[in-house]
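Worksheet: one structure, shown below.
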Amino acid sequence: MPSMVSLDRAMADKPFQMLTIVFNDDHKMADSFARQFGATFPVLSNPSPELNEAYMITGVPETFIIDADVFCFINSSAPITGIHGRREI
């Protein structure tokens, strides 16, 4: 979570939107957890397996970076962290 908050802050002046989607956890607990780290981005719930199938989600964490045309150009089964994440974007 700290790396996500850091990346979100680093991209604040760019056309970028960080969000999280709760996969198997309680939404309220996940939102509270994110806020403890200073997250200001949305924490969404995934009530349908269709999203899992569409993005071939196999577990957590998974990181997707998707452009404005909904083209996924990074799919990682580990968090994108630090400068590596900023270079990729």
Q | Stretchable slack from Asp69 to Phe16, in nm (0.36 nm times residue separation minus alpha-carbon distance) | A | 17.8 nm
Q) For segment 4-14, what does the Karplus curve 6.51 cos²θ - 1.76 cosθ + 1.60, with θ = phi - 60°, yield as ³J(HN,Hα) per residue in whole Hz, taken in order and with x for Gly and Pro? A) 5, 4, 4, 5, 4, 5, 5, 9, 4, 9, 10
(Q) Please compute the contact order of segment 1-45 in relative form: average sequence separation of alpha-carbon pairs under 8 Å and at least six residues apart, divided by the residue count, as a percent. (A) 48
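Laboratory data are not the source of any read-out in this text; all were calculated from the coordinates shown. Everything numeric here is computed off the predicted structure, so don't read it as measured data.
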